[in-house]
Amino acid sequence: MRHFFFALLMLCLSLAAHAALDPAAVRQLAAEESDDKIAAIQKLALTAEPDALALLQQLADGTLKDENGEDITINNRVRRELDGALAVLKLIDPDTKVRYKAVKEIATNVDAGMAPMLARARDRETEPKIRALLIEVHALATLKDADPQIRLAAAKALATSADPNTKALLKAQSEPANETEVDVRRAAFQSYLAVKDRLTLAETLGRIFSGLSLGSILLLAALGLAITYGVMGVINMAHGELLMIGAYATYGMQGLFRAHFPAHEDWYLLAAVPVAFFAAAAVGILLERTVIRWLYGRALETLLATWGLSLMLIQAARVIFGAQNVEVANPEWMSGGLEILPSIVLPLNRIVIVGFALFVLVLVWVLMNRTRLGMFVRAVTQNRGMAGCVGVPTGRIDTVAFALGAGIAGLGGVALSQIANVGPDMGQGYIVDSFMVVVLGGVGQLAGAVWAALGLGIVTKFIESWAGAVIAKIVVLVFIIMFIQKRPQGLFALKGRFVES
Amino acid sequence: MQRRNFIKATAVSIALAAAGFATQPAIAADTIKVGILHSLSGTMAISETALKETALMTIAEINAKGGVMGKQLEAVVVDPASNWPLFAEKARQLLTQDKVAVVFGCWTSVSRKSVNPVFKELNGLLFYPVQYEGEELEKNVFYTGAAPNQQAIPAVEYLMSKDGGSAKRWVLLGTDYVYPRTTNKILRAFLKSKGVAEADIMEEYTPFGHSDYQTIIAKIKKFAGEGKKTAVVSTINGDSNVPFYKELGNAGLKATDVPVVAFSVGEEELRGVDTKPLVGHLAAWNYFQSIKNPENDAFIKMYKDWAKKQKLPKADTVVTNDPMEATYIGLHMWKQAVEKAKTTDVDKVIAAMAGQTFKAPSGFTIKMDEKNHHLHRAVFIGEVKADGQFNVVWKTKGPVKAQPWSPFIAGNDKKKDEPEGK
């Protein structure tokens, strides 16, 4: 290995070699045994020819064919060697992004033999970000060097790392069994502590983020219910199905964009937002006008009637879209993740959803507190008779408020379509969670729903990380039951004079 | 004589028609009814819908070639909706009301466990087409999927090998029900027998339909970052696989770092996922669509044509997978057994099933074991390719006999390799 990489480096630097690719080595790439393939890869990489790079890249992409025109296939072991060889060849690439990725790749599979090459690459590197990474990777390669001084320098340099693998290596280096020099042991241990602290911090941050993400999903699912149940007092069991309608509207827009605007397919999601809102709101108006308005004030009947409606909506979706889940793809700009530290990657789709939840929240808050419509809704909620006396059209306000709640559920559906499965009964999974959020937050309070959703999200994620998903679900449910026993009005209680009280 | 028969037949048909059982007794007498018991809605629909289609396709194929003993097969399709108690109810309906000769159905072990007592009580016949955890041997069931020694154990051995990445630490991840729990119990015992320490095994479960895999992925990353090469064994079932693989791709956990080998994910489950970030993750099965041989080419073509003819959703991208092949083998073997026994009588068909062979799309002549109701099958391990197909990286030399009673569970060495009461 050592000789291989050293020779590779020499060749990388002397760009003079112009021999044609060894045909035997090229043929050997199609060999049956992984060992033979790896040998061929190393031989080809050693030539450092652009042709070899192109050939190996083809092999990595799975587009290389053998003499019979069959695809040459590789397994994970060959792929790892191949990625390593490609990364070394790409260390001299003029594009900083390619270089950065190459160094990252080398970091996952670093070898003591790479040290001289990495040192040269480090000294040549001008981009500070890549240079810092190269210093770290070089230190990793020299941590087991024969010279104690070099080991000491490496152990010290690794204090800036945030890689879990480095942590394990430093831990091993700080033990007397693996390291004879006291100084190196001490430096390694100190670096180990630094890396460990950084990793613990990263882990906590990661957990808070995933809690935040779950919380914002709960919030999006529950916000519509906070209006229909919280403000209007309608126990709407069909709320989950309004989410489903939003998700299917997203699916419909995706299909529409694929068929008519394939060039702008990635933006179907933005178009889906208003469509989902109005589709769900329209269904909401239909439900309110035909069924729910005749049942105001009769909680039990509403519950049963809306439950029946939910079954009808599920069946309608099954008839229209089929019983199977449909595929809603993340747009390109929502795929992948943002790497904060090597140990935590925040998925972009979740970041976008947190932002979207915030947007919907602001929207609802402005609607409820800064518009005439919102004022009417609040007035009707607080004292229907009095509101009617001063000229508020209470019947129409009920419809509009219910449509608003339904529309917001539709927006929740857009978000859900990006992370969960879209199918006719997807709403069933969220109805319990939504009611939990609204009841815990305090009926009639938007702020309560926000705190409850975020709180539930973060608590669930922290319990999940030490007890598992199954236990977390149970613990949270038990906690809410106990909490409601102690405080039936929820986290935030409405204060003021009401007709009912 | 003839006249008396005619009167008898008329009387019977009037009685039947009046009772509302059958409106066309004349046709019913000429067909053999075959029950199909797969979830067409709910969390398992992602996997099971294709099995219903495969069964219908195979029935059409058999009918086109003259049926069974000169009689046409008539499919009776029911939807147990991923609802385990409903499976038992629907099975009872198939056996008592529709009076089917045989049932092809179930995917999850919990659904099979739910229908087992029904088949036992009514002496029905079930063909179960999916790999499972073993630990049962029912007289009324034929298992055409893999037992643990035909899937789980070889997969783990492969990951331990040099080519598989020499994994030293193990994450056993599954959906919370009987199949993953039992499989992981067997795997744990197997890993311990290979000298893997307790601290190097992590076991995690999620509920059915779980869609938030952030915590699990973060845990796997942390576990993998503790110095030794880590591999994940996934027994996640149903549509949870879509968010799981999405999260895996978004979190940047590559197969070269932490390979994930799945036992319930095949070509069909990957249809709804962007597979580019998943290249190199593995699955272990007894069949892959990418296997090249004339039987498989014909099988794939038959299914593609069927999908087009039936106008299945996205008919141009349909795929075939292992449980579909197992359904196909099961139906053909049942046909052969009925023709050998010259009756659809359950006990006689069970006896005739022993030793049946069939040239399967997986490229081997598959045999039904003389005693233990399982197939002898070859094992393949495939890596996910960018197009959602699998690239076979390892396979057994030939078919392997199933061990429904895993030797890695204490007390199993005393159990008989054939069903009780046979």
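Which whole-number percent gives the relative contact order of chain B, counting Cα pairs below 8 Å spaced six or more residues apart?
Value for chain B: 17 percent.
For chain A, max minus min Cα coordinate along each principal axis, in Å, sorted largest first?
Ordered largest first, chain A gives principal extents of 92, 60, 37 Å.
Given a Förster distance of 22 Å, report the FRET efficiency between A:Ile150 and A:Ala177 from their Cβ-Cβ distance, rounded to the nearest 0.05.
Once rounded, the FRET efficiency stands at 0.65.
Rounded to the nearest 5, what is the percent of antiparallel bridges among the DSSP beta bridges in the protein assembly as shown?
Around 40 percent of the beta bridges assigned by DSSP in the protein assembly as shown are antiparallel ones.
How many angstrom lie between the Cα centre of region B:139-206 and the Cα centre of region A:132-211?
Comparing the Cα centres of region B:139-206 and region A:132-211, I get a distance of 33 Å.
What whole number of Å gives the distance from the Cα centroid of region A:334-364 to the Cα centroid of region A:369-395?
Rounded to whole Å, the Cα centres lie 37 Å apart.
For chain A, what's the relative contact order in percent, using C-alpha pairs closer than 8 Å and at least 6 residues apart?
That works out to 17 percent.
Between 0 and 90 degrees, rounded to the nearest ten: what's the tilt of helix A:428-441 against the longest Cα principal axis of chain A?
The angle comes out at about 70 degrees.
In chain A, once you exclude exposed trypsin sites (Lys or Arg not before Pro) (DSSP loop, at most 15 other Cβ within 10 angstrom), what's the longest stretch remaining?
Longest stretch, sites excluded: A:1-297.
Rounded to the nearest 20 Debye, what is the dipole magnitude of region A:206-449 about its Cα centre when Lys and Arg each give +1 and Asp and Glu each give -1 at the C-beta?
Rounded to the nearest 20 debye, it is 760 debye.
What residues qualify as long-range amide H neighbours of B:Asn237, i.e. H under 5 Å apart, gap of 5 or more or another chain, H built at 1.01 Å from N?
Answer set, sorted by chain and number: B:Thr175.
With Cβ to Cβ distances under 15 Å as the rule, what net charge do the other residues near A:Gly395 carry (K, R +1; D, E -1)?
So the surrounding residues net to +2.
Of A:Ala317, A:Ala280, A:Val366, which is farthest along the charge dipole of region A:206-449 in the positive direction, counting Lys and Arg as +1 and Asp and Glu as -1 at C-beta?
A:Val366
May I ask you to derive the FRET efficiency for B:Lys192 and B:Lys397 from their Cβ-Cβ distance with R0 = 30 Å, giving the value to the nearest 0.05?
Once the sixth-power term is evaluated, E becomes 0.65.
Fewest to most neighbouring Cβ within 10 Å: what's the order for A:Cys389, B:Cys106?
Starting with the residue having the fewest Cβ neighbours, the order is A:Cys389, B:Cys106.
Starting at the first residue of region A:264-279, write each ³J(HN,Hα) from the Karplus equation 6.51 cos²θ - 1.76 cosθ + 1.60 with θ = phi - 60°, in whole Hz, x for Gly and Pro.
For region A:264-279, the Karplus-derived couplings read 10, 4, 5, 9, 4, 5, 5, 5, 5, 4, x, 4, 4, 4, 6, 4 Hz, x marking Gly and Pro.
Which ³J(HN,Hα) values in Hz, rounded to whole numbers, follow from the phi angles of region B:325-331 under the Karplus curve 6.51 cos²θ - 1.76 cosθ + 1.60, where θ = phi - 60° and Gly and Pro get x?
4, 5, 5, 4, 4, x, 4
Assign unit charges at the C-beta atoms only (+1 for Lys and Arg, -1 for Asp and Glu), then state the dipole size of region A:2-149 relative to its Cα centre in Debye, rounded to the nearest 20.
Here region A:2-149 has a charge dipole of around 620 debye.
Mind checking region B:32-104 for trypsin sites (Lys or Arg not before Pro) that DSSP puts in a loop (not H, G, I, E or B) and that have at most 14 other Cβ atoms within 10 Å?
B:Lys65, B:Lys99
With the crude spin-label approximation of a point 7 Å out along Cα→Cβ, what separation in nm comes out for B:Lys120 versus A:Ala447?
That separation, rounded to one decimal, is 6.1 nm.
Quote to one decimal, in nm, the extra length available between A:Glu127 and A:Leu300 on full extension: 0.36 nm per residue of separation minus the C-alpha distance between them.
55.5 nm
Given the rule -39500 (n - 2.57) for each run of at least 4 DSSP H residues, summed and divided by the residues of chain A, what is its mean residue ellipticity at 222 nm, to the nearest 500 deg cm²/dmol?
-23500 deg cm²/dmol
From the C-alpha gyration tensor of region A:273-376, pull out the three semi-axes of the equivalent ellipsoid (sqrt of 5λ each), sorted largest to smallest, in whole Å.
In descending order, the three semi-axes are 34, 23, 13 Å.
Put +1 on the Cβ of every Lys and Arg and -1 on every Asp and Glu Cβ in chain B; which of B:Pro117, B:Gly382, B:Ser166 then has its Cα farthest towards the positive end of the dipole?
Farthest towards the positive end: B:Pro117.
Give the value in nm², to one decimal: projected area of the alpha carbon convex hull of region A:362-501, averaged over all directions.
Taking the Cα atoms of region A:362-501, their convex hull projects to 10.2 nm² on average.
Gaussian network model of chain B, Cα springs within a sub-10 Å range: biggest mean-square fluctuation belongs to which of B:Asp297, B:Asp316, B:Asp98?
Of the options given, B:Asp316 has the highest mean-square fluctuation.
Give the value in nm², to one decimal: projected area of the alpha carbon convex hull of the protein assembly as shown, averaged over all directions.
46.2
Would you mind checking A:Lys101/A:Lys167; B:Lys194/B:Lys395; B:Lys33/B:Lys359; B:Lys367/B:Lys401 for any pair whose Cα atoms are more than 18 angstrom apart?
A:Lys101/A:Lys167; B:Lys194/B:Lys395; B:Lys33/B:Lys359
222 nm [θ] for chain B, helices only, -39500 (n - 2.57) per DSSP H run of 4+, per residue, to 500?
Rounded to the nearest 500, the figure is -11500 deg cm²/dmol.
In whole Å, how far is the Cα centre of region B:29-97 from that of region B:289-309?
21
I need to check one value: relative contact order of region A:206-449, counting alpha carbon pairs closer than 8 Å and at least 6 residues apart, in percent.
Relative contact order comes out at 44 percent.
Between B:Val34, A:Ala168, A:Leu341, whose Cα lies farthest towards the positive end of the dipole of the protein assembly as shown when Lys and Arg beta carbons carry +1 and Asp and Glu beta carbons carry -1, centred on the Cα centre?
Of B:Val34, A:Ala168, A:Leu341, it is B:Val34.
If you plug each phi of region A:229-236 into the Karplus form 6.51 cos²θ - 1.76 cosθ + 1.60 with θ = phi - 60°, what whole-Hz ³J(HN,Hα) values come out, in order, with x for Gly and Pro?
8, x, 8, 8, x, 8, 7, 9
For A:Ala54 and A:Leu367, what is the calculated FRET efficiency with R₀ set at 60 Å and r taken between the beta-carbons, to the nearest 0.05?
0.55
Each reported figure results from applying straightforward, stated rules to the coordinates on display, with no laboratory input. Remember, predicted model here, so these are calculated numbers, not experimental data. Note that we place each Cβ from the backbone using ideal geometry, even for glycine, and neighbour counts take in every protein chain shown.
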